[in-house]
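Trainee: Pasting in a structure now, in structure tokens, and then I'll have a few things to ask.
Laboratory data are not the source of any read-out in this text; all were calculated from the coordinates shown. Worth saying up front: this structure is predicted, and the values here are computed from it rather than measured. All Cβ positions, glycine included, derive from the backbone under ideal geometry; neighbour counts span all protein chains shown.
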Amino acid sequence: MWSGIMASMEITVDDVKFLRSCVDAIVNLIEEGTLELGSDAMGVRAMDASQIAMVVFSAPKSAFAGYKVSGSEKVGVNFADLSKILGRGRSKDKLIIKRKENKLELEFRGKGSKRHFSLPLLEDAGGGQKEPKVEHDALVKIRGGEFKEMLRDVALVSSHLTMEAKGKEFMVSAKGDSAEMSAVSEKGEKKEFEVDAKKEARATFPLQYLDDIAKACPDDELMSIHLRSNKPVKLDYKIGKAGLTYYLAPRIEDE
């Protein structure tokens, strides 16, 4: 539980690319939010501006080369600006992150060089919403790269898509004014893919949101998709030791 007590903080990152990938996964839905810092982990829970999607991020202390946080605290961060700063990290840089009063201090340490950035913290960035509890009838596990290829096919046809799980199949389909498409994934001998459907599940979602959600998922990482007919979908995947979970409300179509 986050108590809001002022915490001393020093986080060491050996792989800046890893941290930027995590931040980008958040930025794909929200630009600003509250970073929750605890002695064993850091996290983010926030709704997007339209209130139809939510991102939940969590990274344990073991995901970092060094993680010293005493107490617990919530700090407002402009994640879009943080991503730009992290983008300046070089391949062999070590990153030290500290909090100094109302700023986040970031120092890149490379061979014979140090570069320093200060990022002002936000007084009230929102976030900290409770994670919804939604029961699902089907679980699909699919490679991130394969799911993103499906979304690229949908983009040729429509701005919305329908996901359906039944039996041992997972299908994505879309229908536009001038064309329609469908793509089916089935269990193969050499393919890491799984469908566990208690009963048929089918729902329609906006393509742009699913594209933003899937964008940061590594191509070879398994993404879990939890479906229930005409209910919010839950998608989760890992980036290294960090976990990302997203919720997206469905588009309810008229009968």
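Trainee: Take peptides 57-66, 158-167 and line them up by average Cβ neighbours within 10 Å, highest first, as a rough protection proxy.
Mentor: By packing density, highest mean first, the sequence is 158-167, 57-66.
Trainee: Beta carbons within 10 angstrom, averaged per residue: use that to sort the peptides 45-53, 238-246, highest first.
Mentor: Averaged packing, sorted descending, gives the order 238-246, 45-53.
Trainee: With +1 on the Cβ of every Lys and Arg and -1 on the Cβ of every Asp and Glu, and nothing else charged, how large is the dipole of the chain about its Cα centre, in debye rounded to the nearest 20?
Mentor: 1160 debye
Trainee: OK, next. Please report, in whole Å, how far the alpha carbons of the chain spread along each principal axis, starting with the longest.
Mentor: 57, 37, 33
Trainee: Same structure, new question: Quick check: net charge around Y67, other residues with Cβ under 15 Å of its Cβ, Lys/Arg +1 and Asp/Glu -1?
Mentor: 0
Trainee: Could you give me the ³J(HN,Hα) list for region 23-29, computed from phi with Karplus coefficients 6.51, -1.76, 1.60 and θ = phi - 60°, whole Hz, x at Gly and Pro?
Mentor: Ordered by residue, 3J(HN,Hα) equals 5, 4, 5, 7, 4, 4, 10 Hz.
Trainee: Going by alpha carbons, how many degrees (0 to 90, nearest 10) lie between the helix axis of 144-155 and the longest principal axis of the chain?
Mentor: Rounded to the nearest ten degrees, it is 60.
Trainee: I would also like to ask the following. Would you please give the FRET efficiency between D211 and K187, computed as 1/(1 + (r/R0)^6) with r the Cβ-Cβ distance and R0 = 22 Å, to the nearest 0.05?
Mentor: That pair, D211 with K187, gives E of 0.30.
Trainee: Any of K68/K191; K61/K114; K133/K241 with alpha carbons more than 31 Å apart? Name them for me.
Mentor: From K68/K191; K61/K114; K133/K241, over 31 Å: K68/K191.
Trainee: Return a whole-number percent for the relative contact order of the chain, with Cα pairs under 8 Å and 6 or more residues apart as the contact set.
Mentor: Relative contact order here is 21 percent.
Trainee: Okay, next question. So what does log10 I(q)/I(0) come out to for region 138-248 at q = 0.11 Å⁻¹, using the Debye formula with one equal point on every Cα and no solvent?
Mentor: Evaluating at q = 0.11 Å⁻¹ gives log10 I(q)/I(0) of -0.31.
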